[in-house]
Amino acid sequence: MSGRARRACAERDADVVVVGAGAAGLSLAWRLAGAPRTANAAPAADTAPAASTGAAPPSVVLVEPPPGPVRSPDRTWCFWEEGPGDFDDLVTASWRRFAVTGADGRTTFRDPGARTYGMTYKMLRSTDFTRELGARLDSSTGVRRVSGTVGSVRDVPGEVPGGEVGGVDARGRPFRLTGRWVFDSRPPLRLPPARTTLFQHFHGWFVRTGRPCFDPSVAQLMDFRTPQPRRGLAFVYLLPLAADRALVEYTVFSSAPLPTRAYEAALRRYAEETRALAGGFSVTGTEHGVIPMTDGVFPRRAGASVFRIGAAAGAVRPSTGYAFTAIQRQAAAAAADCRAGRTPLPPRAHAWRHRTMDAVLLRALAAGRVDGAAFLTGLFRQHPADRVLRFLEGRSTPAAEWAIGL
């Protein structure tokens with residue numbers, strides 16, 4: 001390396017610059033700082049586990065948006081996990097059993113831990129995750145956090161490759177940060193070209209009832225006792241937090257979100273008529289979200305030294321909207337590559353055969369060729385819980401997928 005190249009490396013702000021402080025940005029920064037990897041963490045869809053080199057963690061600058069409209073709203077992340085995980089101390093609630101209720105009112109109960117490998121459904125609030133990982137990063141000597149609104153992310157041409165992040169801080173002052181590698185976790189401004197694009201949109205109430213009426217040991221993954229759209233599907237998702245508290249969420253897969261009043265009306269009808277919550281109820285909080293469900297391919301690379309990660313890199317499962325577990329797989333693989341001196345291209349979050357099956361289902365729902373409520377109800381009624389959950393988490397075998405596909 002020439003003297004000029006050595007000076008360029010020394011003048012970089014960090015080895016790695018991470019843009020965004022949501023699930024993907026925080027998880028990557030934390031893993032780059034040297035977070036341990038749990039024994040049960042699965043490799044990403046197209047990569048093998050990387051061996052630890054024992055090298056010192058790379059220096060990291062994390063650029064997080066200031067408080068205001070550019071910051072993501074508070075949200076709830078749920079995911080299936082086998083055994084203990086990295087964030088168990090932050091989990092709000094968890095369930096070993098779940099239920100699916102069909103349009104006919106018949107409920108199927110399943111326990112994925114009763115047969116095989118003990119999967120647990122876990123709920124994590126973004127406020128708890130952000131606070132705790134922020135504290136962990138603050139205690140790391142190799143991580144610096146910068147508050148600002150990013151306007152540009154680009155490669156830096158020259159003898160020594162790298163990336164550059166430009167923006168303004170909370171006072172409107174411009175800043176420029178450089179690193180050998182840059183990871184951009186911000187949501188894309190536009191979705192990639194696709195044959196089919198639907199949206200999973202939802203509005204949820206955190207409710208407290210006048211009398212105990214929930215079983216805290218059972219998560220209601222889907223209740224299809226709600227009017228169905230002509231194309232797509234709709235259900236209520238109910239996660240009990242205590243005998244008298246729960247998150248009740250009206251969820252729709254369709255081509256466009258609904259007005260707020262439509263979600264509110266569906267939730268009220270479900271709470272007052274379908275479930276008839278005991279002793280009445282009060283709403284203690286709300287959440288709302290829109291998740292793209294598309295068979296389009298999200299690019300994971302934006303330049304020689306610039307990568308995307310998380311939802312921006314296709315971590316959202318097209319058929320379900322689940323993303324948290326895939327984000328962790330991507331972050332772990334990218335961090336391991338950085339530490340090992342390899343090009344840290346985040347791996348594809350989901351295997352090609354899973355994406356292909358998802359594309360078929362999305363197309364069928366969008367065209368109205370399948371009764372989504374009946375299809376998913378039958379899936380859980382006709383197959384063992386562990387087979388279905390492995391498929392939803394992207395860990396199923398081709399033989400199991402063939403059975404599900406049939």
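The values are calculated or read from the model by the stated rules, or taken from the named source; none is laboratory data. Bear in mind that the values here come from a model prediction, so they are computed numbers and not experimental data. Because the Cβ atoms are built from the backbone with ideal geometry, glycine has one as well, and the counts that use them run over all protein chains shown. Just the protein is used for accessible areas: all its heavy atoms, side chains included, with ligands, DNA and RNA removed. Shrake-Rupley method; radii C 1.70, N 1.55, O 1.52, S 1.80 Å.
Of note:
- Counting only protein heavy atoms and a probe of 1.4 Å, the accessible surface of the stretch 197-294 is 51% carbon and sulfur.
- Within the chain: Cβ-based charge dipole about Cα centre, in debye rounded to nearest 20 (Lys, Arg +1; Asp, Glu -1): 660 debye
- Across Thr108, Thr284, Thr251, mean-square fluctuation computed from a Gaussian network of the chain (C-alpha pairs under 10 Å connected) peaks at Thr284.
- Rel. contact order, % - alpha carbon contacts under 8 angstrom, at least six apart, the chain: 21 percent
- The alpha carbon centroids of the stretch 123-143 and the stretch 168-223 are separated by 17 Å.
- For the stretch 58-194, relative contact order (Cα pairs under 8 Å, six or more residues apart, normalised by length) works out to 25 percent.
- In the stretch 311-375, the portion of solvent-accessible area held by carbon and sulfur atoms comes to 58 percent [1.4 Å probe, whole percent, DNA, RNA and ligands not counted].
- Per residue accessible area of the stretch 268-406, 1.4 Å probe, in Å²: 41 Å²
- Accessible area per residue, Å², the stretch 58-150 with all protein chains present, probe 1.4 Å: 47 Å²
- Packing-based ranking, highest mean first, of 157-164, 218-225, 323-330 given that Cβ atoms within 10 Å are counted: 323-330, 218-225, 157-164
- What the Cβ-Cβ distance of Ser94 and Glu132 gives, at R0 = 22 Å and to the nearest 0.05, is a FRET efficiency of 0.85.
- Local electrostatic count at Ala366 - Lys and Arg +1, Asp and Glu -1, tallied over other residues with Cβ under 15 Å: +2
- At the residue level, Val360 shows approximately 100 square angstrom of accessible surface with a 1.4 angstrom probe and all protein chains present.
- Rounded percent of accessible protein surface that carbon and sulfur make up, the stretch 132-176, 1.4 Å probe: 50 percent
- The alpha carbon gyration tensor of the stretch 265-310 gives principal lengths a ≥ b ≥ c with a/c of 1.5 or higher and a/b greater than b/c, which makes the shape prolate.
- A dipole drawn for the chain from +1 and -1 charges on Cβ atoms has a positive end, and of Ala266, Leu376, Gly296 the residue lying farthest that way is Gly296.
- Isotropically averaged projected area of the stretch 262-406, using the convex hull of Cα atoms (one quarter of hull area), nm²: 12.5 nm²
- Summary of packing: across the peptides 238-247, 270-279, the per-residue average of other C-beta atoms within 10 Å ranks them, highest first, as 238-247, 270-279.
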